[in-house]
Amino acid sequence: MPSNAPYDAEEVRRQDIAHHFHPFTDFADFKKTGSMILGEAEGAYLTDSGGKRYLDGIGGLWCVNIGYGREEMAQAIAQQARQMVYYSSFGHHTSVPAAQLAAKLASLAPGPLNHIFYGTGGSMANDTAVRMIHFYFNRLGQPAKKKIITRHDGYHGSSYLTMSLTGVAFDHTGFDLVPGDLIHRVSSPNCYRRPDGMTEAEFLDYLCDEFVQKIEEIGPGNVAAFFAEPVMGAGGVIVPPKGYHSRFAEICREHGILYVADEVVTAFGRLGHFFASESVFGMVPDIITSAKGLTSAYAPLSATILSDEIYDVLSVPQAKGAMFTHGFTYSGHPVCCAAGLKNIEIMEREDICGHVRKVGPYFERRLKTLQDLPLVGDVRGSHFMLCVENVADKTTKELLPPEVSVGKRIAEACQKRGVLVRPIAHLNVLSPPLILTTGEIDRLVDVLREGILEVAGQLTAEGHKLS
Ligand SMILES: Cc1ncc(COP(=O)(O)O)c(C=O)c1O
C-alpha cells in the first residue's frame, strides 16, 4: 500500500500473526513470514500493502467471477443494508431479494430444480444436502437408505461432515472423520493417472464397473446419494472421461440413488454457463449445490437447489404442528441475496458466460504450450478452471518429494513477477476472474512459464533429476 494508506502495515502484520487464526495454513513459516496484506482490488488486479500490483490468477479462491471493485455491487449491498438489513427467514417471513433470487436461480438451474435453500458457503450447502437427503428417505419410509458415495480427491468442504465427504487424503491429516461407515469412496476419474494401457473409453467402463460394484457391496437399499463435482477442483482439476456424468447418473437412477452435483466452483460461469451439469455435461442431477460465484464473493451466500420431486416430499408436514427443522440464522440473508441478484444481472448484461465460452478455449490452448517445459507432466482443465501438474519424470509421471514444495515455489516465482497462481501440493491451479482478456491470459501464461523455468533450474542445481 502506498505511504498514504489508512493503516500501518507493520502493525496489521503483527495483529494478524498474533490473533488471526488462518484457515488452510502451513504453520511451519506463518509465524515468521506472516501473510501478504491485500489492501485494494480492481478488475482482475490486487494491490498489496507495499503498493505492488498483482494479476489474480486465482480469482480469490475460484470465486471472484465478475472481478473486484464493482461499484454497482457495493451500491446494491449498501442499499439493501440501509433498506432492510436482516430479518430471519425462518417460517413465514421473507425479504424481497431472497424471494427474487430464488426465482431467478430456479429459472437458471436445469428443468425440475426449482427450490432454493440458502446458506452462507459451499460446506453449508453440501451439509444441507446430506441432511435433506436423509430426511427425504426417512419420509419415504426407507430409513436404511443413508450411505453416501463420493470420490477420492473430491472436495466438498471443511465442516465436520463435508470434510468427511471430501476425498483429498492430505486434508484429513490429523483430523477425525465422521465415525462409522456413512461415507464410501470410489476412484477419482483422473485420466492422466489412469491405469497404463487403458483408453479413455475403457477407463470410463472401469469407473462405472467400480461404482456398480461399490453400490452392490453396500447394498442399493442402503445407498442414498452420490456426490460429485462436474470438474473436480481442489483435488487436482480433474475433467472426467467423456460421458462420465451421464453414465453415473444412469447408474444412480437404476439403483434409486440421488445424484448431487457439487457446483460450488463450476457454476456461475467458470465453465461458460450458469450451471455446468446440463449445459456442459448433458445430465440433470437431483440436487445442485452452489456458492462462491453466486455473489462473486461480494457476500457469503450458498444455494442448495432441489428438484420438485424432492421438495414435494420434504415440504409435506410430518405431523400436525410439526416443523421442518433445518436452517441457519443467515439463511437467505437479504444483503447477500441482493449481492447475488446484482451479480447475476451483471453477468447477464456483460454476457460473461459468453466471454468464457469464447476465451476459455484460447486459455486452454495457451496453457498447453507449457507442455514442452521440464517439470510439466500434464496441463488440464476446462475454460477458466485449469491446472498444471508438475512431475520429476514426464514419462513415468513420478512426483518430486513433497518437501520440495514445487507448486509453492513456482507460485512464489510468479508472485515475484506480479502474478498470483495457486499452489496445491505439486500442482499450480488457475481460476482467474472470468473477465480476463486474451492479453491478460498471455501474461499469466508467460509468467507461469518463467516461474516454472526458474524453479526447474533451481531444482536441477540442487541435484534433483528432472526428465
Ligand atoms: C467443490 C467445492 N465444494 C465445496 C466447497 C466448500 O465451500 P466453502 O469453502 O465455501 O465452504 C468448495 C470450496 O472450495 C469447493 O471447491
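Ordering 419-429, 381-391 by mean Cβ neighbour count within 10 Å, with the highest value first, yields 381-391, 419-429.
From a point 7 Å beyond the Cα of residue 131 in the direction of its Cβ, which residues of region 297-322 have a backbone N at a distance under 19 Å? Counting backbone N atoms under 19 Å from the label point, the list is 300-307, 310-319, 322. Length available on full extension from residue 358 to residue 246: 0.36 nm per residue minus the Cα-Cα distance, which gives 37.8 nm. Computed over region 82-137, the Cα gyration tensor eigenvalues convert (square root of 5λ each) into semi-axes of 22, 16, 11 Å, ordered from largest to smallest. Shape annotation for the chain: C-alpha extents along the principal axes are 72, 60, 43 Å, from largest to smallest. Each 10 Å bin, from zero up to the one with the longest distance, holds this percent of the alpha carbon pairs of region 348-433: 17, 45, 28, 9, 2. By DSSP, the beta bridges lying fully in the chain are antiparallel in about 65 percent of cases. Given +1 at the Cβ of Lys and Arg, -1 at the Cβ of Asp and Glu and no other charges, the dipole of region 19-140 around its Cα centre is 340 debye to the nearest 20.
For residue 146, a cut-off of 22 angstrom between C-alpha atoms picks up these lysines, skipping any fewer than 8 places away in its own chain: 214. Using the 2.2 N^0.38 Å rule of thumb for compact globular proteins, work out how region 165-300 stacks up: its C-alpha Rg over that value, please. Compactness ratio reported: 1.09.
Taking a label point 7 Å from the Cα of residue 309 along the Cα→Cβ vector, which residues of region 195-226 have an amide N closer than 18 Å to it? Under cut-off, by backbone N: 220-226. Length available on full extension from residue 81 to residue 320: 0.36 nm per residue minus the Cα-Cα distance, which gives 82.4 nm. A Förster radius of 56 Å combined with the Cβ-Cβ distance from residue 103 to residue 27 puts the calculated FRET efficiency at roughly 0.80.
For a quick protection proxy, order the peptides 451-457, 395-401, 93-99, 54-60 by their average other-Cβ count within 10 Å, most packed first.
Details: 451-457: 19.0, 395-401: 12.7, 93-99: 17.4, 54-60: 23.3.
Ranked from most to least packed, the peptides come out as 54-60, 451-457, 93-99, 395-401.
With only the Cα atoms considered, region 128-209 has a convex hull volume of 120 Å³ per residue.
Tell me, what are the semi-axes, in whole angstrom and largest first, of the equivalent ellipsoid of region 1-121 as set by the roots of 5 times the Cα gyration tensor eigenvalues? Provide the component values of the computation, followed by the final result.
Numbers: eigenvalues 254, 64, 59 Å².
Output for region 1-121: semi-axes of 36, 18, 17 Å.
Starting from a Cα-only point model with no solvent, please compute log10 I(q)/I(0) by Debye for region 270-339 at q = 0.15, 0.18 1/Å. One equal scatterer on each Cα of region 270-339 leads to -0.69, -0.90. Distance between the 7 Å Cα→Cβ label points at residue 438 and residue 462: 3.8 nm. The base-10 log of I(q)/I(0) for region 53-162, evaluated at q = 0.14, 0.18 Å⁻¹, reads -0.90, -1.30 [Debye formula, identical scatterers on Cα atoms, solvent excluded].
Computed FRET efficiency, Cβ-Cβ of residue 181 and residue 19, R0 51 Å: what is it to the nearest 0.05?
Values: r = 40 Å, r/R0 = 0.78.
The value I calculate is 0.80.
In this model, which of 52/104; 104/358; 292/397 are farther than 31 Å apart at the alpha-carbon? From 52/104; 104/358; 292/397, over 31 Å: 52/104; 292/397.
Mind ordering 69-80, 269-280, 127-138 by average Cβ neighbours within 10 Å, highest first? Kindly include the intermediate steps, with their values, before the conclusion.
Numbers: 69-80: 15.6, 269-280: 23.4, 127-138: 21.1.
Highest mean packing first, the order is 269-280, 127-138, 69-80.
Each label was represented as a point 7 Å from its Cα along the Cα-to-Cβ direction; for residue 48 and residue 417 these points are 1.6 nm apart.
Extending 7 Å from the Cα toward the beta-carbon at both residue 36 and residue 351 defines two label points whose distance is 3.4 nm.
Read-outs throughout are calculated quantities, based only on the coordinates presented, and are distinct from any laboratory measurement. Everything numeric here is computed off the predicted structure, so don't read it as measured data. Backbone-built Cβ (ideal geometry, glycine too); neighbour counts: all protein chains shown.
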